[in-house]
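Taking it in order: structure first as structure tokens, then the write-up.
The values are calculated or read from the model by the stated rules, or taken from the named source; none is laboratory data. As the structure is a computational prediction, the values presented were derived from the model and not from experiment. Note: ideal-geometry Cβ built from the backbone for every residue, glycine included; neighbour counts use all protein chains shown. Accessible surface is based on the protein model in full, side chains and every heavy atom, while ligands, DNA and RNA are left aside. Shrake-Rupley method; radii C 1.70, N 1.55, O 1.52, S 1.80 Å.
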Amino acid sequence: MPKLPPRYKDVEDCRDLIEQYIGQLVTGTDNDNPDLRDEGSTRRYKQDLRWYDHWLDEIEVESPVDVKPAQANATGQALAAKFNGTTDLYRWDRIYAFHDWLVRMDSAESNPFERWNDRKDEIFGFSKSSEQSSQLGEEETYALSQDEIRQMEENVKRHRIRDQLIIRLLWQTGMRRGEASGLLISDIDQDEREITVRESVAKNDKKRVVAYQRSLDGLLVEWLENGYRDEKSATTDHDRLFVGEKGAPLSGDRINKIAIQAADEAGFNRKIYADANAPIDSEGNKKPNRWLVTAHSIRHGFGTYMVNDTDAGLWEVSKLMGHSSVKVTENTYVEDDPRSGLDHLHQYGPD
């Protein structure tokens, strides 16, 4: 008989500081307010912090303010050993954010996870695409090209203007799907061709400004000024840039499905593996449910293009993509080349 997963304590039975932090997260949750966290995000935070409370029991730490850097390191090792896919990385990020909150509340002097955070992928083997990368075919790549983006735009389905706009905007700005979901009309500066990603929308809670190209102008005008958005949002009252068929704000999950379907219709998408939530067939086997191309593939294509095909530096690309550090950008988009920098040394090396 397979071993059942541990039963984590209910929130009200967790440590007081964890319960207090979750309470603040709940207070800042509202699906209808673009400046607040939605229920899905808060639910994932709760699960991650309930796991952390369980982990503190395992390592016999009474209070999270007593956690030392060595125990934070052990937490990273435990996450890498226990979880697959993106769970380990995201769980670390949410625990890190909790300890940052303890510092802001003057409950702790420092964040014990800080020492390892910039190199967490390297130290613990966290990866957003390790399983996905291992399933790629010989000619397949996770990063999309501009030609593939154009094919996706040509193969969107029913809501052509909106979906083409979404795909091209993600490609030209490198935004995450959740960030695009949270955009307001007022975040778009059409004169300067710039978009503000507000703190409440950005994954790392840091405001940034991104730019888009002239080729996006026509789709934006069609969507905002020629009635396409107004027609869909006529029965609702909100200022989100992207809306669904019945006028509600378009979720990040729906944006992801738009990208998946467009790549599938274009003929270069497929399901490549089964994750923990995969359905079971009649013989008890997991059916593949994770797609090769997702909305994140568009972002990955943007990062790959900016780092490898332009003169933009790693620092600039890191800021544009909202990465927590330049190290994240380097580890994700820079291949290890033993001849790296050799041309510059030939040209500029000292006598």
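Every condition in (1) of a type in the set (D, E, K, R); (2) more than 30 Å from Val197 (Cα to Cα); (3) open to solvent by 40 Å² or more (accessible area, probe 1.4 Å) is met by Arg104 except one, and the failing one is (2).
Would you check if Asn155 is closer than 22 Å to Glu245 by Cα, open to solvent by 20 Å² or more (accessible area, probe 1.4 Å), touching a residue at least 12 places away in the same chain (Cβ under 8 Å) and of a type outside the set (D, E, K, R)? Against the criterion (closer than 22 Å to Glu245 by Cα, open to solvent by 20 Å² or more (accessible area, probe 1.4 Å), touching a residue at least 12 places away in the same chain (Cβ under 8 Å) and of a type outside the set (D, E, K, R)), Asn155 qualifies.
Glu194 meets the conditions (1) of a type outside the set (Val, Ile, Thr); (2) modelled with pLDDT of 95 or more; (3) closer than 22 Å to Trp101 by Cβ in every case but one. The failed one is (3).
Among the residues of segment 212-242, the one identified as free of Cβ contacts under 8 Å to residues at least 40 places away in the same chain and within 14 Å of Leu183 (Cα to Cα) is Leu224. The criterion of being aromatic (Phe, Trp, Tyr), under 23 Å from Thr304 (Cα atoms) and open to solvent by less than 60 Å² (accessible area, probe 1.4 Å) does not hold for Trp223.
In segment 278-291, the condition of being at pLDDT 90 or above and either within 26 Å of Asp189 (Cα to Cα) or of a type in the set (S, T, N, Q) (or both) is met by no residue.
For segment 22-42, the set of residues classified as polar (S, T, N, Q), open to solvent by less than 80 Å² (accessible area, probe 1.4 Å), part of a helix (DSSP H, G or I) and at pLDDT 80 or above consists of Thr42 only. Residue-level analysis places Ile195 among those that are more than 25 Å from Thr42 (Cα to Cα) and more than 17 Å from the chain's Cα centre (by Cα).
Taking segment 277-321 as the range and being open to solvent by 60 Å² or more (accessible area, probe 1.4 Å), part of a helix (DSSP H, G or I) and touching a residue at least 24 places away in the same chain (Cβ under 8 Å) as the test, the residues that pass are Tyr305, Asn308, Lys319.
Among residues of segment 66-93 being closer than 24 Å to Asp106 by Cα and surrounded by fewer than 20 Cβ atoms within 10 Å (Cβ to Cβ), the one that is farthest from the chain's Cα centre (by Cα) is Asp66. Tyr45 falls short on exactly one of the conditions (1) touching a helix residue (DSSP H, G or I) at 6+ places or on another chain (Cβ under 6 Å); (2) at pLDDT below 95; (3) open to solvent by less than 20 Å² (accessible area, probe 1.4 Å), and that condition is (3). Could you look through segment 230-249, keep only residues that are open to solvent by less than 50 Å² (accessible area, probe 1.4 Å) and of a type in the set (Lys, Arg), and pick out the one that is modelled with the highest pLDDT? The qualifying residue modelled with the highest pLDDT is Arg240. Note on segment 172-199: residues that are open to solvent by less than 20 Å² (accessible area, probe 1.4 Å), at negative phi and not β-branched (Val, Ile, Thr) amount to 7. Among the residues making up segment 199-211, those that are in contact with a Ser or Thr (Cβ under 8 Å, 6 or more places away or on another chain) and without any contact (Cβ under 8 Å) to a residue 24 or more places away in the chain are Lys207, Val209.
Quick check on this structure: which one of Tyr52, Tyr8 is in a loop (DSSP other than H, G, I, E, B), in contact (Cβ under 8 Å) with a residue 12 or more places away in the chain, open to solvent by less than 50 Å² (accessible area, probe 1.4 Å) and hydroxyl-bearing (Ser, Thr, Tyr)? Every option except Tyr8 fails the conditions. Only residues that are over 12 Å from Leu220 (Cα atoms) and at pLDDT 95 or above were counted across segment 157-166, and they come to 0.
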